[in-house]
Amino acid sequence: MILKHILSVVLWVLPMLAYADHDEAIELDDITVTAPALDSRIIRYPATVETYNRQQIQDTVNATTSMQTLKYLPSFQVRERYIGDRNGPIATRTTGTLSSAQTMLYANGILLSNLLGNSFSFPPRWGFVSPEEIESVSILYGPFSALYAGNSFGGVVNLNTRMPSKLEAHANVQGFMQNFEMYGTDKTAKGNHESGSIGNKVNDLSFLLTVDRLESESQPMQFANATSLGAAVGARTAVTGAYRDRDQAGNNRVIFGATGLDKSEQINSKVKLAYDITPELKATYSLGMWDLNSRLDVESYIKDAAGNPVYNGRVSVDGQNYDVSGFNNPAEAKALHVMQALDVKSNTKGFFDWQMTLSDYDYQQDKNSASNVSATGSAAAGNPYSNRIGRVTDLAGTGWTVFDARATLRPVDGNNNQHEIDLGYHLDAYQLESDTYNTADWSKGDKTSFFGSSRGKTNTQALYVQDKWQMNPAWALTLGGRTEYWEARGGRNQTATSTANYQTQSDTKFSPKLSLSYEPEPAWGFRAATGQAFRFPTVSELYQQLSQGSALVENNPNLKPEEVISAELTAERRFNHGLMRASLFHESKFDALIGQTVGTGAAIPFGNGTCGVTTCSFIQNIDHVRTNGIELSTIWENVVIHGLDILANATFTDAEILQNGLSPATQGNKPVRIPKQQYKVVATYHQGNQLTYTLAARYSGRQYNTLENSDINPDTFGGTSKFFFVDVKANYQFADRLTASIGVDNLNNYKAFVFHPYPQRTGYIQLKFDY
């Protein structure tokens, strides 16, 4: 509440404090604004667009990964649990951090979203873009453009990079460190980040070579625990060192140790070639390779009478019996992913332009070998470092291919009104190949007997048309439509004893879009937009089946596509040195694809079975989820004193499950991972041309981790808490080519959770060279 009042005062006072007599240009959204302000974001786009440019990133963000560069944009979060996290899904106004397939990420128009699934296990491929490459980042909110698939209803994010026009070279060295304290863990997690690039343009050929290396350690991602007593059977080992607290549902809980301690090295190597076939026709080829080596470890707090650490198995704590599990996730992971892209486009800016893009993403190697010891045996048998039995999951052969072709026409009608008409065709093909084998030693990962596999393919073809009609200088109307044909085939789940094959499915949907903008004078802009979108089930939602001890994830091959109807109403007020925007947004989501969980003995809502283990999770359609909200955003230069820039935004969201026939008890509840409010404020002071200081704050309000909203105690491991992080950064440019930076994220050391614990106070130091 205090933050809400502060923000209201800031939004009211800033216009009066900005330098009214200062006539330097400022840049908003890569568009130069002069007095009087002529920013045309309202007229140019069918919905709200926010942009953060290279200089803003350098001045304000402690960036070791590309996902960090977007953290101050309105209504935007990436679930980056630690530096080097590979599982970083995007959340926007109406989508949470468990829904990776509801927002799209591109780099220079090349799709980086991993639409094989819709969870934290299928995040965008952030590792293919280094933060030092980025020229700007931008997001188009909502499904209001026919140019993008139905997965865009959360928004479309683009990481824009550039090709060199002359010889240039860049180098970056960065170190970071986090001290993490929780339960029995007191750990310093360190890491380093190096990147370098060289490029040039020789006649009509330009090239850019980049290498980015990130070595990092994480804080614990989870904690082995138990909330119920074990059965009074079998021998038990008396242990000490356990911690007691309450879990997210308010139950008494015993904590036995830390798990998911990741230590990884990621190397991203890339070559980009661009050739000017003619002054108005360019071809660009990119080849990127992402190499991962990762090790997961566990740390037990409990010890036996001899002082030896105890992991999985039957134990006794203060005379009470518990079956310890959760220590069975030490793992080794190795991956080599290769991405290629070819883009050919014209840029005449005349009556006709065209573009064709082909990209391919291939899991050439992707193997994860993890422990799989029992929680009901002896303490010795439950030690994953001595009893190394495990399972190996191999995803080699998984990947996707995307093709897009678009023509742009710019005719002028009989009333001399300008049209910009886009006609396009889209094709994507996604393939899942997942094989799991038993292994005698998870640290080596040699495959022995077959355990299970999942297979499946999806294809989507689309035709679209969109016409932006500039009716007169004040009014612009954008109309569009997109027809999509989707097919799922080749679905198969196999175990050592049985095989299930699934029938081919197909569906066709049409999505209309409409946007009307009005600028009565340069200082004001208004826009109303509405759009429909369909997101078809991903291949893993349909076909992937996973088993992890007492938890089984069932697949449902008969899922329906999500349908979204969205609307936005925006007003924008521009000043000589700033801008204020307010956007009302609405989303009705029908047949929402959301994960649900039932306990042992409960009926599975598809097929003919019941849950035969402790819990069964599955993806199922929820009839109707409604989200309403308001988003406020402002940006100013030279506030009160010359050189002080301020950016601030706030989002207030009311989301509710209106109908869920599968689980009526959840009706009226909040959907998962959508915070009630978000606030962000960034203040940057430029002391001359060499020194900048930034103070920033990020707040995210209450949200839930389950459809039942049973996580009544969110400020603990397993809960999804609010957070309030204060970040600082200072940059000093020694000369034209050398810049040093120092910064801290979460300076106030706020302990927050997104089921997993967020990073605590983290310090950064960086040195950059630019030629």
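The values are calculated or read from the model by the stated rules, or taken from the named source; none is laboratory data. All of these numbers come straight from a predicted model, not from anything done at the bench. Positions of Cβ are backbone-derived with ideal geometry, glycine not excepted, and every protein chain shown enters the neighbour counts. Note: areas computed on protein heavy atoms with side chains; ligands, DNA, RNA excluded. Shrake-Rupley method; radii C 1.70, N 1.55, O 1.52, S 1.80 Å.
Descriptive notes on the structure:
- Cα-centred dipole magnitude for the chain, charges only on beta-carbon of K, R (+1) and D, E (-1), debye, nearest 20: 1200 debye
- Dipole of the chain [Lys/Arg +1, Asp/Glu -1 at C-beta], most positive-end residue of Thr530, Leu292, Ser617: Ser617
- Solvent exposure of region 669-771 amounts to 42 Å² per residue of accessible area, where only protein heavy atoms count and the probe is 1.4 Å.
- Accessible surface of region 265-401, 1.4 Å probe, proportion on carbon and sulfur as whole %: 55 percent
- With the charge dipole of the chain set up from +1 on Lys and Arg Cβ and -1 on Asp and Glu Cβ about the Cα centre, the Cα lying farthest toward the positive end among the listed residues Leu395, Gln466, Gly629 is that of Leu395.
- Solvent-accessible surface (1.4 angstrom probe) belonging to Asp245, in square angstrom, nearest 10: 40 Å²
- Estimated inter-spin distance, Thr401 and Arg573, nm [label 7 Å along Cα→Cβ]: 5.4 nm
- Accessible surface of region 627-684 [probe 1.4 Å, protein heavy atoms]: carbon and sulfur percent: 58 percent
- In Å², nearest 10: area of Lys349 left accessible to a 1.4 Å probe: 150 Å²
- Over 25 Å between alpha carbons, listed pairs Lys367/Lys560; Lys589/Lys670; Lys270/Lys349; Lys166/Lys345: Lys367/Lys560; Lys270/Lys349
- Length added when fully stretched, Thr448-Leu423, from 0.36 nm per residue minus Cα-Cα: 3.8 nm
- Proximal aspartates and glutamates relative to Lys513, as straight alpha-carbon distance under 18 Å, when same-chain residues fewer than 8 apart are discounted: Glu420, Asp422, Asp467, Glu484, Glu562, Glu563, Glu568, Glu587
- Of all accessible heavy-atom area on region 118-194, the percent that carbon and sulfur account for (1.4 Å): 53 percent
- Cα convex hull, region 348-419: 171 Å³ per residue, rounded to a whole number.
- Cα long-axis angle, helix 2-17 against the chain (0 to 90 degrees, to the nearest 10): 20 degrees
- Of all lysines in the structure, the ones whose alpha carbon falls short of 19 Å from that of Lys190, not counting any fewer than 8 places away in one chain, are Lys263, Lys729, Lys751.
- Mean residue ellipticity (222 nm) of the chain, computed from DSSP H runs ≥ 4 via -39,500 (n - 2.57), nearest 500: -1000 deg cm²/dmol
- Spatial extent of region 625-771: Rg and Dmax, with the Cα atoms as the point set, Å: 20.1, 65
- Short-range pairs are left out: with C-alpha atoms under 8 Å and at least six residues apart, the relative contact order of the chain is 12 percent.
- Solvent-accessible area per residue in region 410-476 equals 48 Å², computed with a 1.4 angstrom probe and all protein chains kept.
- Cut-off 12 Å, label 7 Å out along Cα→Cβ of Trp469, residues of region 411-441 by amide N: 413-415, 417-420
- Summed residue charge, Cβ within 12 Å of Asp711's Cβ, Lys/Arg positive, Asp/Glu negative: +1
- Per the Cα gyration tensor, the chain maps to an equivalent ellipsoid with semi-axes of 43, 30, 27 Å, ordered largest to smallest.
- Treating r as the C-beta distance of Asn416 and Gln503 and R0 as 60 Å, the FRET efficiency rounds to 0.60.
- Hydrodynamic analysis of region 160-318 uses the Kirkwood radius over alpha carbon pairs. Inserted into Stokes-Einstein at 4 °C and 1.567 mPa s, it gives a translational diffusion coefficient of 64 µm²/s.
- Burial ranking of peptide ranges 446-459, 70-83, 145-158 (average Cβ count within 10 Å, highest at the top): 145-158, 70-83, 446-459
- Derived scalar couplings ³J(HN,Hα) [region 352-362; Karplus, 6.51 cos²θ - 1.76 cosθ + 1.60; whole Hz; x for Gly, Pro]: 9, 9, 8, 8, 9, 9, 10, 9, 9, 10, 10
- Of the residues Val157, Thr64, Thr94, the one whose Cα sits farthest toward the positive end of the charge dipole of the chain, with +1 on the Cβ of Lys and Arg and -1 on the Cβ of Asp and Glu, is Thr94.
- Ordering of 159-172, 109-122 by burial proxy (mean other Cβ atoms within 10 Å per residue, highest first): 109-122, 159-172
- With all protein chains modelled, accessible area of Met104 [1.4 Å, Å²]: 10 Å²
- Per residue value of the accessible surface for region 251-316 (all protein chains in place, 1.4 Å probe), Å²: 40 Å²
- Peptides ranked, highest mean first, by Cβ atoms within 10 Å: ranges 503-513, 186-196: 186-196, 503-513
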